[in-house]
C-alpha cells in the first residue's frame, strides 16, 4: 500500500513537471532570442543569467546604454527577425577548460569573439560543480552558456512582449555589479498572451491597495506607526471581525478550544523550538531587560528581610509564531490519550520583520492576524485530523466562491537533513507517507514539491486563484514530529507509557491581512452581503418617507445588520448612484407607494432592480442571507 501511494505521488509530480516544462522551455528560449536582439543593437552588452519565470522571462545585462521602455519596440523588432530566421537551438557539450577559454575570449553570451572577456559567464562557470556536464546552446550567431532545455527552433517561441526593466545585482549580492534586468511575457500563442494582459488590466482595477484606499478599509502610516503595520479603518475592521467570527464559529463546531497567549516571550522559548537558529532574520530584534535572578525570596513591599534581587539580562522577542506558546499550554497539565486529539485555537497577532522592499500592501506585512491552531494527536488519529483540516479549507472555498485551488505538498530533501531539515530520516518517511495517504484517499487536488517542507515536518501550502486568475498562497497545514519532543510534550498512553504527540499546525485562512487583500481583489470590493462593511442602505424618495425608512433601519439594526438611511435632499437617482459607487450591497428604495403598501423596492449592488417586495419578506431575506453567509 505504501509503495503504491509513493508511486502515485511520483507520477503526479512528474506529470506536473512535464506540463510545466513545455512553457518554461518556450520562455527560456525567448530569453535567448531577446539576448540575440540586444546584441545586434548593442554588441558591447554583457549577459549574466536569463531564466524563465512565471508568465515570461528576463535576462540580466550590463550595458552602458540605459534601456528604457522606449527601446522595447526596437528590441522586439530584432527578436521578430530571429524568429523569422527560424534558427535551430543546437546543444554543444564542452569541457570545463574549453568553457573557460571561450569565456575569456568573450565568445560566450555574444555573437562573436570580442576583446572583453565574458566575465559574468566566468562567474557562472564557478557555480557549476566539478564533474557536472557543461553545455552551450547556439541559435544563429548567438552562443550562450546554458543547461537548457529549449524549443527546437527560434520560430517556435510563440507570442512575446517586453514588459519592464529593473535593476538587479549580479547573483543577488549587493557587493556585485548592478545590472539591468529586462522582463518579457511569453505564451504559446497570441490569444493566451492577450488574455494575460487583459487580466493584468483587470488586476490593476482590482488592486487591493487602490480599492482599500478608495473604500476606506485600511491605511499604513509609515511616519508614526511604521511600514508593514496596517491600521484598520472602521470599514476594514468590520471585514476583519466578520472573518474572525467565521473562524471562531467554524472552529467551535469542529471541537477546537480557544486559548490566548502574550505577544512576547523569552529567548529560551524560541531557542528550544529551533526558530531562532533558523528564522532569526525574520524576527524583530530582541528587547533586553534586567530582571530578578533565580531564587529571590518574596517579601512585602519595603520588607528589609526580603532577599535582594540579583539582576540579570533577559532577552524577549516579539511573537513571530504561536506554536511554541501553544506547546507550553499543552505542557501546563498532565495529558492522557483520552484527552487527544486536543485542538487549541487562537485568533492572535504575530510579528515578522519582513524586509522593507518586500512589503506589499496587505499581502506582505509585519503584523499578522491569524486564526492559528495546533492539533495534538496520536498517530492513529492523524489521518482523520489532517483530513478534517483539509475539509475545513474546502468549506471556506465554497463560502468565498474559490473554484480553482491546489494543495502543494512540500517534502524534505534527504541530502539536507541536519541543515534545512530535522535529522530524523525515519520520521520524515513515516509522516510524508501518512500525508500522501490522506491526500490520495480523499481525492484532493494536489502536487508534490520537494525540498520545501517546514524544518520540522512535511506541509501543505494552499494555492488559490481569484476570479480573474491571479494566484495566491493563502493557507497552510503542517505536520510537526520534532518540536513537541524538544518541549518534552507527552501524553500517557493506554499501555501506561509516556509518548510524544504529533502536532498539526494549521491556519485555513492564513494571515487575515493577506486574506482580506485577496478578497478585495477577488470581489473587486463588491463584498457579499454578510461581509460588506455597509450591508444595507434605505433610500427614501422624498422627506415624507424618512420616518418609514428609519423604522426599517431600526428593525434591521436591532438584529445587528449594518444599515443607514440616506436622508439627504438628493434626488433618488443620485442616492442610488452614490450607494452604487460606495459599494453598498443592498439598497431598499421607499417611495409613497412602498410606504402605503408596507413594502420596499430592492436593489442589489451590481445586479440592479430586484423588484418590489413586502417589507417583512425583504427583511427576512436579508437576515437569512447574512446568517447563511451567501456568496
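Among the residues making up the stretch 96-105, those that are more than 15 Å from residue 141 (Cα to Cα) and either assigned to a helix (DSSP H, G or I) or touching a helix residue (DSSP H, G or I) at 6+ places or on another chain (Cβ under 9 Å) (or both) are 96, 97, 98, 99, 100, 101, 103, 104. When residue 42 is tested against (1) within 19 Å of residue 182 (Cα to Cα); (2) modelled with pLDDT of 90 or more; (3) in contact with a helix residue (DSSP H, G or I) (Cβ under 9 Å, 6 or more places away or on another chain), exactly one condition is not met: (3). Between 447, 468, 375, the distinction of being touching a residue at least 24 places away in the same chain (Cβ under 8 Å), in the same structural domain as residue 344 (by TED's automatic domain parsing) and either within 12 Å of residue 479 (Cβ to Cβ) or in a helix (DSSP H, G or I) (or both) belongs to 375 only. Which of the residues that make up the stretch 382-422 are over 30 Å from residue 230 (Cβ atoms), in contact with a strand residue (DSSP E or B) (Cβ under 8 Å, 6 or more places away or on another chain) and either in a strand (DSSP E or B) or modelled with pLDDT of 90 or more (or both)? Correct list: 382, 385, 386, 409, 411.
Within the stretch 450-465, the set of residues being assigned to a strand (DSSP E or B) and modelled with pLDDT under 85 comprises just one member, 454.
For the stretch 305-320, a residue qualifies if it is surrounded by fewer than 11 Cβ atoms within 10 Å (Cβ to Cβ) and either modelled with pLDDT of 90 or more or in a loop (DSSP other than H, G, I, E, B) (or both), and the qualifying residues are 305, 308. Consider residue 224 carefully, then state whether it is modelled with pLDDT under 95, closer than 27 Å to residue 360 by Cβ and assigned by TED's automatic domain parsing to the domain that holds residue 372. Answer is no for this residue.
With respect to (1) closer than 17 Å to residue 52 by Cα; (2) free of Cβ contacts under 8 Å to residues at least 60 places away in the same chain; (3) touching a strand residue (DSSP E or B) at 6+ places or on another chain (Cβ under 8 Å), the lone exception for residue 135 is condition (1). Within this structure, residue 70 fails the test of being assigned to a helix (DSSP H, G or I), modelled with pLDDT of 95 or more and touching a helix residue (DSSP H, G or I) at 6+ places or on another chain (Cβ under 6 Å). Meeting the requirement of 3 or more residues that are farther than 30 Å from residue 435 by Cα, the strands (runs of 3 or more DSSP E) wholly within the stretch 490-601 are 536-540, 563-565, 586-590.
Filtered by the rule that a residue be within 24 Å of residue 457 (Cα to Cα) and outside any helix (DSSP H, G or I), the stretch 262-287 gives 265, 274, 283.
For residue 565, the test of being crowded, with 20+ Cβ neighbours inside 10 Å, more than 20 Å from residue 531 (Cβ to Cβ) and touching a helix residue (DSSP H, G or I) at 6+ places or on another chain (Cβ under 9 Å) is passed. Annotation: of all residues in the stretch 110-129 being surrounded by fewer than 14 Cβ atoms within 10 Å (Cβ to Cβ) and over 37 Å from the mean Cα position of the chain (by Cα), the one that is nearest to residue 186 (Cα to Cα) is 112. Determine if the stretch 272-284 includes at least one residue that is at pLDDT 95 or above, in contact with a helix residue (DSSP H, G or I) (Cβ under 6 Å, 6 or more places away or on another chain), closer than 24 Å to residue 373 by Cα and assigned by TED's automatic domain parsing to the domain that holds residue 341. No, the stretch 272-284 contains no residue that is at pLDDT 95 or above, in contact with a helix residue (DSSP H, G or I) (Cβ under 6 Å, 6 or more places away or on another chain), closer than 24 Å to residue 373 by Cα and assigned by TED's automatic domain parsing to the domain that holds residue 341. Looking across 629, 593, 615, one residue alone is more than 18 Å from residue 534 (Cβ to Cβ), surrounded by fewer than 20 Cβ atoms within 10 Å (Cβ to Cβ) and out of contact with any strand residue (DSSP E or B) (no Cβ under 7 Å at 6 or more places or on another chain). It is 593. Taking the criterion of being closer than 17 Å to residue 47 by Cα, in contact with a helix residue (DSSP H, G or I) (Cβ under 7 Å, 6 or more places away or on another chain) and part of a loop (DSSP other than H, G, I, E, B), the residues of the stretch 152-186 that qualify are 176, 177.
Within the set 130, 202, the sole residue that is farther than 25 Å from residue 79 by Cα and either part of a loop (DSSP other than H, G, I, E, B) or at pLDDT 95 or above (or both) turns out to be 130. Looking only at residues of the stretch 134-148 that are part of a loop (DSSP other than H, G, I, E, B) and at pLDDT 90 or above, we find that the one that is surrounded by the most Cβ atoms within 10 Å (Cβ to Cβ) is 146.
Of the residues making up the stretch 78-90, none is more than 16 Å from residue 146 (Cα to Cα) and under 34 Å from the mean Cα position of the chain (by Cα). Residues that are touching a residue at least 24 places away in the same chain (Cβ under 8 Å) and in contact with a helix residue (DSSP H, G or I) (Cβ under 8 Å, 6 or more places away or on another chain) within the stretch 255-271 comprise 258, 259, 261, 262, 265, 267, 269, 270, listed in sequence order. Restricting attention to the stretch 407-421 and to residues that are touching a helix residue (DSSP H, G or I) at 6+ places or on another chain (Cβ under 9 Å) and touching a residue at least 24 places away in the same chain (Cβ under 8 Å), the residue that is surrounded by the fewest Cβ atoms within 10 Å (Cβ to Cβ) turns out to be 420.
The values are calculated or read from the model by the stated rules, or taken from the named source; none is laboratory data. As the structure is a prediction and not an experimental result, all values here were calculated from the model. Here the Cβ is made from the backbone with ideal geometry for all residues, glycine too, and neighbour counts use every protein chain on show.
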